[in-house]
1. Could you pull the Rg and Dmax for region C:8-113, using just the Cα atoms, both in Å?
2. With a 1.4 Å probe and all protein chains kept in place, how much accessible area does B:C93 have, in Å² rounded to the nearest 10?
3. What gaps in nm, shortest first, separate A:D79 from its twins in the other copies when you place the label 7 Å past Cα toward the beta carbon?
4. Which residue, D:E125, D:E87, D:E36, tops the fluctuation ranking in a GNM of chain D built on C-alpha contacts under 10 Å?
5. Provide the per residue accessible area, probe 1.4 Å, for the protein assembly as shown, rounded to a whole number of square angstrom.
6. Once you place label points 7 Å from the Cα toward the Cβ at B:K132 and D:K132, how far apart are they in nm?
7. With +1 on each Lys and Arg Cβ and -1 on each Asp and Glu Cβ, and nothing else charged, work out how big the dipole of chain B is about its Cα centre, in Debye to the nearest 20.
8. Taking amide hydrogens as modeled 1.01 Å from N in the peptide plane, which residues meet the under 5 Å criterion relative to C:D19, leaving out close sequence neighbours?
There are 4 protein chains.
Amino acid sequence: MTDEAPSLNTLIDRLTTDDETSVAAIKQMISQFVAERDWRQFHAPKNISMALAVEAAELMEHFQWLTVEASREVESDADKMTAIGEELADILCYGLALANELNIDVAAAMSDKMRKNIRKYPKDEYQGRYGKDDPGRRD
Amino acid sequence: MTDEAPSLNTLIDRLTTDDETSVAAIKQMISQFVAERDWRQFHAPKNISMALAVEAAELMEHFQWLTVEASREVESDADKMTAIGEELADILCYGLALANELNIDVAAAMSDKMRKNIRKYPKDEYQGRYGKDDPGRRD
Amino acid sequence: MTDEAPSLNTLIDRLTTDDETSVAAIKQMISQFVAERDWRQFHAPKNISMALAVEAAELMEHFQWLTVEASREVESDADKMTAIGEELADILCYGLALANELNIDVAAAMSDKMRKNIRKYPKDEYQGRYGKDDPGRRD
Amino acid sequence: MTDEAPSLNTLIDRLTTDDETSVAAIKQMISQFVAERDWRQFHAPKNISMALAVEAAELMEHFQWLTVEASREVESDADKMTAIGEELADILCYGLALANELNIDVAAAMSDKMRKNIRKYPKDEYQGRYGKDDPGRRD
């Protein structure tokens with residue numbers, strides 16, 4: 001690390017708001033955290049994919065016994081929102097850690113996938129329907 | 001939607017590279033895709049958390065029978081990398097869709113969580129060790 | 001394998017109904033299927049745990065966009081029930097494959113865990129409540 | 001519950017060993033535990049599938065940073081084996097709880113699926129190979 005390399009704290013401070021934060025800035029923060037602990041040895045894609053699935057399950061655990069409608073109400077529960085924000089942060093962290101390991105440009109991957117989604121789910125055909133078997137409109 | 005509202009295609013085109021793309025730009029693209037299909041009705045946190053876990057499992061499936069070391073080699077397999085990039089895009093999409101639904105600022109959530117990680121995993125104590133039980137250095 | 005060792009088909013035929021089938025009979029069938037393909041090399045606990053999680057996600061996929069109540073109605077859809085039965089079979093298969101690898105007696109493990117569950121969730125305290133935060137009775 | 005209905009403790013005591021325990025006996029124990037707490041209201045297939053996936057992730061967590069080979073060594077660690085046995089019990093519990101809710105005969109579903117697996121993975125073609133892309137034999 002040269003004198004000019006920003007410290008981890010500096011990299012964390014750069015994450016202000018979603019409007020002002022680039023994906024690259026988040027990836028750089030994660031990379032630095034991992035490097036400082038000599039943890040790249042653990043960050044093989046197989047391991048990261050497991051860790052990501054574990055975090056996804058921890059997020060799900062908040063909702064497992066709730067009705068779908070009740071799950072929307074968590075937004076008014078500050079403690080739950082903190083916990084959910086942390087689980088989401090963990091998920092995105094591992095997602096971007098995988099992108100770091102495999103040199104994936106996330107913006108490019110997401111725009112490619114979104115174009116594919118548009119072809120797979122034409123907006124007229126899937127209007128209010130989540131899939132081919134869904135009759136749609138339930139009111 | 002007023003005349004000035006950018007189309008979904010415009011929003012997709014804004015996702016160029018991780019350096020040039022803000023988290024907010026990705027969230028806006030996802031929001032527009034969901035709105036155009038009247039899919040917010042399905043995007044309750046409970047449902048999104050399930051969809052996210054399903055995508056995490058699809059990512060994991062690429063690595064389930066590989067050794068840890070072999071999983072690092074996927075980077076040299078272009079077809080696998082395309083498939084993995086798509087799974088990662090799906091995961092991040094649902095993660096940001098949840099952030100949209102629950103009004104979570106991801107940059108703020110991730111910097112908060114990273115500060116917590118630093119306290120939980122001091123870099124000297126966890127140097128080359130993934131946890132308290134890990135004796136570390138395996139060479 | 002001696003002449004007397006039952007063939008895989010014989011072991012499969014022994015699985016008649018839940019009343020007549022022991023856990024050991026299912027474990028033996030799985031063990032034989034794995035051995036015949038020289039697949040124990042892949043059945044390390046790490047790999048099996050991933051495969052199990054992948055199958056659990058495939059089961060979940062059937063329900064991800066349904067309301068809780070609608071998910072109860074799958075029982076009247078024969079095609080869905082076949083698909084769900086297959087996912088459940090896969091999950092239980094990997095669960096018992098793990099038991100085979102690690103020499104876990106499942107009946108013993110489940111009775112131990114159930115005794116622990118009884119202490120953790122006393123029936124009076126948790127009557128109609130899934131957790132400490134659940135106020136219970138919603139009718 | 002009539003006088004003759006066995007108590008939950010009696011049902012638990014019937015789970016002795018895998019040789020002596022039928023799938024039906026385990027299902028009955030689970031059914032009684034759930035009924036005594038008035039928890040069937042939570043046991044919609046959607047919810048159970050989430051709970052099952054959460055438990056599968058908890059099992060996976062024990063192995064996420066280990067190499068494949070190291071994951072085989074957990075068998076010699078009594079504390080880890082207890083924890084793993086509990087996670088496996090939880091997974092099987094939710095699997096059989098789903099079978100209870102949807103009236104699935106697990107023995108029948110597993111024998112059907114195993115016959116399908118034999119057709120999908122002929123033993124000669126998949127000898128020592130986990131999939132079509134696997135060249136096999138790595139010694």
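1. Using the Cα atoms of region C:8-113, the pair Rg, Dmax is 15.5, 44 Å.
2. Accessible surface of B:C93 is approximately 20 Å².
3. 2.9, 4.6, 5.2
4. Highest fluctuation of the listed residues: D:E125.
5. Ligands and nucleic acids excluded, the figure is 45 Å² per residue.
6. Distance between label points: 4.8 nm.
7. Its charge dipole is roughly 920 debye.
8. D:A24
The values are calculated or read from the model by the stated rules, or taken from the named source; none is laboratory data. All values reported here derive from a predicted model rather than from experimental measurement. For neighbour counting, all protein chains shown are included, and Cβ atoms are generated from backbone atoms with ideal geometry for every residue, glycine included. Just the protein is used for accessible areas: all its heavy atoms, side chains included, with ligands, DNA and RNA removed. Shrake-Rupley method; radii C 1.70, N 1.55, O 1.52, S 1.80 Å.
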